[in-house]
Amino acid sequence: MCLSTLYQSKNGLLETKAEYNNSKTMKSDYFIGLPQWKHPEWNRSLLQDPDQGDLEQYAASFNSVEGNTTFYGLPGEASVRRWMDGTPAGFRFCFKFPQSISHQGALRHVDAELGAFLDRLQPLAPKLGMLCLQLPSRFGPDHLPDLIRFLGELPAGLRYAVEVRHLAFFQRGDAEKRFNDALQAFGVNRVNFDTRALFANPQSDPITREALEQKPRLPLRVLATGDAPMLRFISPLDLQQGQRWLQPWINQMLQWIGEGKTPFIFMHTPSNGEAPELARWFAQQLQQRQPKLAAGFHDWNARKLVRRQPGLF
């Protein structure tokens, strides 16, 4: 199945022209969020209402989220339905492909796993902002034919992003050119993964040390190979340092928006406890520069909390 065949579906994920148009239409100029929608440190800020579900409160402030849980396994059918019902129409989930596809399977002979993944997410089709393929560091230039074949088999009507960690894709040589050309040919977004601020401030506290061990230290690539460039930014615990490294990204995001692209922005910190504050700051900077932007963020300190029945999640 080819991405250029519009409205075509795989396993019934997108079956009609109306569904295709709904999935591709973006009601915001940009999407911003965090790697998760629940964290114990957010109960004093983002998640203030014990009578509302965590995702419902999260989605009242941010209009997107990284779905990292799907990397480790498929969510239950009931959970998927709750996620659909508990978020507004303009909210977008960006789920990762399972590691059984990207890591264990290395994109080979994974039709069954891919079909199960797409089938499980089918109820969320109108709210899928991006499906993200994170490839391991061992996935190098020799594997590019597997990536090209895999991308060609994905159903049309959805947005996709690819994150690579092999150094050959960051050396501005033939391997990187072939990789970028393949993404551009399919309209797939290359993830802009910015860890510079974290490694420029290598503090000795346990939380930062763990982050330094787990996060890849790779050169930054700033480019849009598709119409929805994605930024994953990792800040140190010192948010002022994070903001300093984020400053150039403000102009870049506004440039992409001006070109008709729809950026996706996800903020991380070593524990993610401070991530909402960093994302709020960045969204405020965008809005100050371009007040007419269709906002991707609503300040939790300014919004009115609406009491609802408990037990959504």
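The values are calculated or read from the model by the stated rules, or taken from the named source; none is laboratory data. Values in this document were obtained by computation on a predicted structure and should not be read as measured data. A quick note on method: Cβ atoms are made from the backbone with ideal geometry, for glycine too, and the neighbour counts reach across all protein chains shown. For the accessible areas, the whole protein counts, side chains as well, though only heavy atoms, and no ligand, DNA or RNA atoms are used. Shrake-Rupley method; radii C 1.70, N 1.55, O 1.52, S 1.80 Å.
Remarks
- Filter result for the condition that a residue is over 30 Å from Met253 (Cβ atoms) and in contact with a His (Cβ under 9 Å, 6 or more places away or on another chain), over Ala106, Ala60, Ala78: Ala106
- Lone qualifier among Ser102, Ser64 - being of a type outside the set (Val, Ile, Thr), touching a residue at least 24 places away in the same chain (Cβ under 8 Å) and more than 18 Å from Phe139 (Cβ to Cβ): Ser64
- Tabulated pairs, the stretch 175-187, first farther than 12 Å from Leu147 by Cβ, second buried (at least 19 other Cβ atoms within 10 Å of the Cβ) and at pLDDT below 95, C-beta under 8 angstrom, 6+ apart or interchain: Gly187/Leu3
- Condition met for Arg280 (out of contact with any strand residue (DSSP E or B) (no Cβ under 8 Å at 6 or more places or on another chain) and either basic (Lys, Arg) or modelled with pLDDT of 95 or more (or both)): no
- In the stretch 178-212, the qualifying residues are those that are closer than 15 Å to Leu237 by Cβ and among the acidic types (Asp, Glu), and the one that is least open to solvent (accessible area, probe 1.4 Å) is Asp205.
- Scanning the stretch 41-56 for residues that are part of a helix (DSSP H, G or I) and either under 19 Å from the mean Cα position of the chain (by Cα) or touching a residue at least 12 places away in the same chain (Cβ under 8 Å) (or both) returns Glu41, Trp42, Asp54, Leu55, Glu56.
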